[in-house]
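Shown next, in structure tokens, is the structure this report addresses.
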Amino acid sequence: MEALKIDYDLNTNVEKFIVTNQAKQLFINGNWVDSKSGKTFDVEDPATGKKIASCAAGDEKDVDLAVKAARNAFETGSWSKMAPNEKGKILWKLSDIIEEHAQELAQLEALDNGKSVVVAGVADVPLAVDLFRYMAGMATKLEGQTIPGSFLVNNTLSPGAQFHSYTLREPIGVVGQIIPWNFPLLMASWKIAPALAAGCTVVLKPAEQTPLSALRLTEIINDSGLLPEGVLNIITGLGEEAGAPIASHPDIDKVAFTGSTEVGKLITKASAGNLKKVTLELGGKSPAIVFPDADIDAAIQGVASGIFFNHGQTCCAGSRLFAHEKVYEKVTEGVAEIAKNIKVGPGMHDKDGSQMGPLVSNEQYEKVVGYMESGKNDGAECLVGGTHDNSKGGHFVHPTVFSKTNADMKFVKEEIFGPVLTTQKITDDDLNNIASEANNTEFGLAASVWSKDISTAHKMASKIKAGTVWINCHNVFDSALPFGGYKQSGNGREMGFECMDNYLETKAVTVNL
Ligand code: NAI
Ligand code: MG
């Protein structure tokens with residue numbers, strides 16, 4: 001393989017990591033190894049379409065080795081039975097170490113995913129660090145309950161007996177985790193940190209489009225020497241070759257997936273063999289609902305960043321705008337004006353003024369462009385954007401706003417996962433009718449409500465069928481807040497205390513006193 005040349009100012013660690021003749025390897029049982037088949041796949045810079053690295057293409061044989069390592073580590077108890085405060089200390093140290101590598105991780109993310117290096121530096125990386133830190137505290141808070149049973153009072157089966165019952169929270173075991181490409185480092189952290197806090201061992205598969213930051217994270221963790229071998233294993237590879245064997249593996253106790261609803265359904269089916277526990281964080285078609293009494297300037301800014309953040313490649317993107325007819329023109333024109341002024345260019349050149357990078361891949365580019373065409377064919381009107389360019393190898397789509405859209409249009413129903421906003425007028429003042437329009441989707445991940453009236457805002461929050469409702473904001477995340485979907489947006493929650501249910505079993509213990 002020829003040496004790679006990259007036309008950006010790179011952090012020296014990124015240079016070392018990426019500009020190499022050697023394919024990136026799998027991480028199994030504490031060792032970096034090639035895939036058994038010897039196959040590799042290429043990783044590209046989505047701003048240029050040029051190859052930046054190649055990675056081992058794992059398959060079921062590699063998954064099997066990783067699962068054996070994770071099983072062995074789990075059963076020996078090197079991690080699963082470590083004292084909670086020791087685990088907590090290690091997770092906290094890891095958060096510090098990741099933070100020390102913040103700049104290079106942000107660069108790697110921008111290079112691999114196409115996102116702005118500045119955004120990666122203020123969002124992706126610090127959120128990943130914060131989740132490790134939050135989960136460090138979680139390790140000492142996995143408490144059961146003592147439960148007073150009625151048999152204590154009036155036990156007719158064994159008169160006179162007294163029972164004492166309590167619950168234990170135990171790690172679920174070996175966890176398989178499959179993640180997408182939109183927030184590669186953050187999704188890896190959302191998965192790895194709580195599983196480790198719970199005492200589980202992990203086999204994680206990054207997305208084939210963006211494997212680099214998870215590999216670098218693993219190098220950083222491995223170099224720290226803080227985790228016992230076999231606790232964290234990384235298998236890079238394609239979905240059907242390396243992801244599917246995780247979903248179907250008989251010795252994986254639980255699979256946690258983030259990605260498309262379509263693959264979420266495949267994972268659920270594949271998991272049936274050993275009835276492994278499944279949690280899914282899937283697609284969305286989140287509404288942003290603007291009432292006439294909202295702070296309209298704030299709503300315009302919020303709606304625009306709700307859809308254009310991360311180029312719309314965000315599961316909770318506010319992709320359907322519902323604005324009341326009294327403010328519809330003002331809001332759509334305001335959002336269109338912002339869209340027009342967003343400078344599109346390579347994420348690594350953010351310093352030179354580019355604010356929105358390319359989409360992650362040619363596949364995603366074709367998909368988004370296809371949805372824009374389908375919207376036009378269905379009679380929607382493009383207010384701004386609608387243009388795109390892949391002539392120089394990068395996958396650029398300009399921020400786009402459509403009007404004259406309705407709930408029957410394909411691009412209003414399906415997840416576009418690009419910087420494309422559809423807009424509809426609210427012509428009704430009945431909150432139930434507004435909510436039912438907003439809820440008219442098979443998804444239920446998030447929503448934002450824009451109103452100064454606390455009564456309207458809270459009533460809408462309760463009427464929306466989604467796992468997250470933002471009031472006068474959009475895309476606000478916190479490690480302590482549970483995040484996940486109603487309906488076909490998935491099941492289970494990421495982050496917060498609720499996330500721990502994904503990785504823990506509950507055992508009821510009853511003692512005959
Ligand atoms: P995807 O769902 O195919 O990929 C997500 C992960 O699943 C990747 O690691 C992939 O390798 C793996 N995978 C694929 N097929 C698999 C299988 N049969 N068994 C096990 N693992 C498998 O998503 P894709 O194709 O990259 O994007 C398609 C659409 O999915 C996007 O346009 C978007 O609408 C949606 N999506 C939603 C995300 C979210 O955060 N909810 C993230 C990424 C994509
Ligand atoms: Mg796919």
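The values are calculated or read from the model by the stated rules, or taken from the named source; none is laboratory data. This is a predicted model, so every value here is computed, not measured. Using ideal geometry, Cβ is built from the backbone for each residue, glycine included, and neighbour counts are taken over all protein chains shown. To get the accessible areas, we keep the full protein, side chains included, count just its heavy atoms, and leave off ligands, DNA and RNA. Shrake-Rupley method; radii C 1.70, N 1.55, O 1.52, S 1.80 Å.
Under 5 Å between amide H atoms, partner at least 5 residues away or on a different chain: which partners does THR20 have, H built in plane at 1.01 Å?
Excluding prolines and chain starts, which carry no amide H, the hits are LEU4.
For THR40, which sequence-distant residues (separation of 5 or more, or a different chain) have an amide H within less than 5 Å of its own amide H, given hydrogens modelled in the peptide plane?
Result for THR40 returns ALA57.
Round to the nearest 0.05 the FRET efficiency obtained for VAL509 and ALA272 when R0 = 45 Å and r is the Cβ-Cβ distance.
0.90
Nearest-5 percent of antiparallel DSSP beta bridges in the chain?
45 percent
Run the helix sum for the chain: -39,500 (n - 2.57) per DSSP H stretch of 4+ residues, divided by residue count, reported at 222 nm to the nearest 500 deg cm²/dmol.
Details: 15 runs with 175 residues, N = 513.
My calculation for the chain gives -10500 deg cm²/dmol from helical runs alone.
Ordered by residue, what ³J(HN,Hα) values in Hz, to whole numbers, does segment 286-301 give under the Karplus form 6.51 cos²θ - 1.76 cosθ + 1.60, where θ = phi - 60° and Gly and Pro are x?
6, x, 10, 10, 10, 8, x, 8, 6, 5, 5, 5, 5, 5, 4, 4
What per residue convex hull volume, in Å³, comes out for segment 1-131 when only alpha-carbon positions are used? Intermediate results must be reported in sequence, preceding the final value.
On the way: hull volume 16.0 nm³, N = 131.
Per-residue hull volume (Cα only) is 122 Å³.
I'd like to compare 84-94, 412-422, 219-229, 42-52: which one has the highest average count of other Cβ atoms within 10 Å, and what's the full order after that?
In decreasing order of mean packing, 84-94, 412-422, 219-229, 42-52 become 412-422, 42-52, 84-94, 219-229.
At a 10 angstrom cut-off on C-beta neighbours, averaged per residue, how do the peptides 73-80, 111-118 rank from highest to lowest?
So the peptides 73-80, 111-118, ranked by packing, come out 111-118, 73-80.
If you restrict to DSSP beta bridges whose two residues both lie in segment 287-484, what percentage is antiparallel, to the nearest 5? Spell out each step's value before the answer.
Details: 5 of 25 bridges.
Beta bridges within segment 287-484, antiparallel portion: roughly 20 percent.
Evaluate the relative contact order of the chain (contact order divided by residue number), counting alpha-carbon pairs under 8 angstrom at least 6 apart; express in whole percent.
Relative CO of the chain lands at 18 percent.
Leaving ligands, DNA and RNA out of it, report the carbon-plus-sulfur percent of the accessible area of the chain at a 1.4 Å probe.
50 percent
Let me check the size of segment 287-484 from its C-alpha atoms; what are the radius of gyration and Dmax in Å?
Over segment 287-484's Cα set, Rg and Dmax evaluate to 16.1, 51 Å.
Starting from the Cα gyration tensor of the chain, multiply each eigenvalue by 5, take the square root, and state the resulting semi-axes largest first in whole Å.
Working through the eigenvalues yields semi-axes of 38, 32, 19 Å.
Quick check: residue separation of LEU226 and ASN440 times 0.36 nm, minus the Cα distance between them. What number comes out in nm?
72.2 nm
Rg(Cα) of segment 246-372 divided by 2.2 N^0.38 Å?
Numbers: Rg = 19.2 Å, N = 127, 2.2 N^0.38 = 13.9 Å.
In units of the 2.2 N^0.38 Å rule of thumb, it is 1.39.
May I ask for the distance between the Cα centers of segment 420-471 and segment 160-193, given as a whole number of Å?
Cα centres, segment 420-471 to segment 160-193: 32 Å.
Just the number please: accessible area per residue for the chain, 1.4 Å probe, all protein chains included, in Å².
The answer is 41 Å² per residue.
Excluding residues on the same chain fewer than 8 positions from LYS425, give the lysines whose Cα lies under 16 Å from its Cα.
LYS326, LYS330, LYS404
How large are Rg and Dmax for segment 402-513 when calculated on the C-alpha trace, in angstrom?
My reading of the Cα-based Rg and Dmax gives 18.1, 71 Å.
Note down the magnitude of the dipole of segment 162-305 about its Cα centre, charges +1 on Lys and Arg C-beta and -1 on Asp and Glu C-beta and zero elsewhere, to the nearest 20 debye.
In total the dipole reaches around 420 debye.
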